[in-house]
Amino acid sequence: MRLNGLSTRDPAPSYSQLLKDLRAGKVKDLELSLRQREVRVRFDDGRQATVPVFSNDQLLLRTAEQAKVPLNVRDDRADGATAGLVANGLLVLLLLAGLALLIRRSAQVANRAMGFGSSKPRLQEEGGVAVRFEDVAGIGEAKEELQEVVTFLKEPERFTAVGAKIPKGVLLVGPPGTGKTLLARAIAGEAGVPFFSMAASEFVEMFVGVGASRVRDLFRKAKAKAPCIIFIDEVDAVGRQRGAGIGGGNDEREQTLNQLLTEMDGFADNSGVILLAATNRPDVLDSALMRPGRFDRRITIDLPDRRGREAILAVHARSRPLAGAVSLSAWASRTPGFSGADLANLLNEAAILTARHHQSEIDDGALAGALERITMGLTAAPLQDSAKKRLIGYHEVGHALLTTLVPKADPLDKVTLLPRSGGVGGFARMMPDEEILDSGLISKAYLQARLVVALGGRAAELVVFGPAEVTQGASGDLDMVTRICREMVTRYGFSSLGPVALEGDGAEVFLGRDWLRSEPPYSRETGNRIDGLVRELASSALDQAVALLQPRRALMDELVEMLIRDETIEGEAFRSVVTSHEAAHPQPTGSAVALQATGKADVEAAQVGV
């Protein structure tokens, strides 16, 4: 049959029709498939068809023989058997592979269960630590103390000859970021001995006894490589006082601590193994851990002073291209209270800003941007609202102006209206007195000056906008003022209560301090007096700030206009404007002394000073 000149295959004939066609002589040849039980038929006119047949079909064979039609038999049963065998073989291999995988995983689980109590310290072989004492700066006294530990490891006979024993433990104590871990690595690098390091939290597990087993395994490995150093970071994770928690504490942690105490100073001898540990919470450590014979030495690593900060900046500046105009000494003076980690972050942020601006050297501008980013947060979009901008300007100028008028106040570094992330619309940054930070001795006059400066923003709003228009922008200042006033009354004896300490600076670190509050160690009447004195100190400071700003309203307006125009005023420029104004408009001395007439005799009279 043809459609549009194209041929189509006729439908396959039935079995009976195939027999009729065979007898009629219309079939040219046949091909029989034994496995599929079908016959392929080719007719004389060229048509082809496939017809299902019966297994061992004798009728088809006799009919084809009688019609003398060629019949070819294709025995493909062997191919089918081979394919089935291959499929079955693949299935068996898949089952065997799955079974082997299950057995292997079971063996791994068993091995982990057997090695659950083994420690996995990070080991640096001899000479594997590249850090040296020259890479650690700003902590000269601590390095001198630890130099003897290096000498113990290198020349032990020098000390044993006179009966001295190698210290068993050295505890490094200091705030976070001061370089305790780096100093421990420097000791291992200088001594050239194996260095085992672990975090104390790696000992503690949910199963009792695992931590103790890991401690034993750690000291066993250390003895095999003696002389060596073991460093445990954040040792307070396992070294806290025993029995301090509710219900007896964590048994697993206490068992780990007991094993550590035994390994450090027990029946077994750990000759040649020195344990270094670091913590920033020495007050929570167990007394048995702190006694001589365990931690023989306790080395305090404080925040670096100005010379130390300069040395730390020089170490981190080795690998960074600094501009020739950058003075590390000046930046050390501008970063009081910074730790070694903070200084490293300062240079890293400055390098990021330098790369962002496609510059090749780190200049003072990049360092200034990095300092503000670290201390104040990320830069936000500039203020557009002129009313809000002016309000914030008066608030910040109030702080900045009082730094130049109040004796003993910290000098102003800069005042700006550039906002920062976190809702900071502007800020006035002061430079803390280096001598006070280094000595740790704070005078009453210095604290009173801080109170007056802290309330400068609220005082400026009162002077310019009136009591009804003050804002909540001084909430953070009020928190700081309340804290300082309370410490002056309850801790430092700077009030009429006398030289008594009614409150301490320590808090309960074991029990829940938010829901277990102990009664204060003073009577209710004393508590009422404390509250009254705190309010009196704060009110006196605010009155003094208002009295200093009230006669200088014109100067405030001039400084605010200058700040709105330039958005940032550096400390020197700000003090120059104030000096010129004070020389041209001297204030009567009674303006500050008159504060004492308000009954606030505890606050010193303010005097103008630049």
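So the values come out like this:
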| quantity | calculated |
| --- | --- |
| Filter pass, VAL204 being of a type in the set (A, V, I, L, M, F, W, C) and at pLDDT below 85 | yes |
| Condition check for ALA332: in contact (Cβ under 8 Å) with a residue 24 or more places away in the chain, at negative phi, outside the structural domain of ARG420 (by TED's automatic domain parsing) and touching an Asp or Glu at 6+ places or on another chain (Cβ under 9 Å) | yes |
| Selected residue (only one of GLU145, GLU141 is over 29 Å from ARG214 (Cβ atoms), modelled with pLDDT of 65 or more and in contact with a strand residue (DSSP E or B) (Cβ under 6 Å, 6 or more places away or on another chain)) | GLU145 |
| Selection from region 252-269 of residues that are touching a Gly at 6+ places or on another chain (Cβ under 8 Å) and part of a loop (DSSP other than H, G, I, E, B) | ASP265 |
| Subset of region 394-428 [in a strand (DSSP E or B) and under 19 Å from ARG334 (Cβ atoms)] | LEU412, ASP413, LYS414, VAL415, THR416, ARG420, PHE427, ALA428 |
| Residue under evaluation ARG297, criteria (1) in contact with a strand residue (DSSP E or B) (Cβ under 6 Å, 6 or more places away or on another chain); (2) surrounded by 19 or more Cβ atoms within 10 Å (Cβ to Cβ), criterion not met | (2) |
| Where THR82 falls short, out of the listed (1) among the β-branched types (Val, Ile, Thr); (2) at pLDDT below 70; (3) not assigned by TED's automatic domain parsing to the domain that holds THR181 | (2) |
| Among residues of region 547-576, those that are over 13 Å from ALA400 (Cα atoms) and either modelled with pLDDT of 95 or more or not in a helix (DSSP H, G or I) (or both), counted | 1 |
| Checklist (1) modelled with pLDDT under 90; (2) surrounded by fewer than 23 Cβ atoms within 10 Å (Cβ to Cβ); (3) under 18 Å from LEU313 (Cα atoms) applied to PRO382, failing item | (3) |
| Within region 302-317, considering residues that are under 11 Å from GLY340 (Cα atoms) and aliphatic (A, V, I, L, M), the one nearest to the chain's Cα centre (by Cα) | LEU303 |
| Within region 138-158, considering residues that are among the charged types (D, E, K, R) and in contact (Cβ under 8 Å) with a residue 12 or more places away in the chain, the one surrounded by the fewest Cβ atoms within 10 Å (Cβ to Cβ) | LYS154 |
| Residue match in region 547-557 (condition: at negative phi, surrounded by 13 or more Cβ atoms within 10 Å (Cβ to Cβ), assigned by TED's automatic domain parsing to the domain that holds HIS399 and without any contact (Cβ under 8 Å) to a residue 24 or more places away in the chain) | yes |
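Yes or no, residue by residue, for (1) crowded, with 22+ Cβ neighbours inside 10 Å; (2) at negative phi; (3) assigned to a strand (DSSP E or B):
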position: SER271; (1), (2), (3): no, yes, no
position: LEU276; (1), (2), (3): yes, yes, yes
position: ASP283; (1), (2), (3): no, yes, no
position: PRO292; (1), (2), (3): no, yes, no
position: PRO304; (1), (2), (3): yes, yes, no
position: ARG309; (1), (2), (3): yes, yes, no
position: VAL315; (1), (2), (3): no, yes, no
position: GLY324; (1), (2), (3): no, yes, no
position: PRO336; (1), (2), (3): no, yes, no
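The values are calculated or read from the model by the stated rules, or taken from the named source; none is laboratory data. The model shown is predicted, which means the values in this text are computed figures rather than measured ones. Cβ sites come from the backbone with ideal geometry, for glycine too, and all protein chains shown count toward neighbours.
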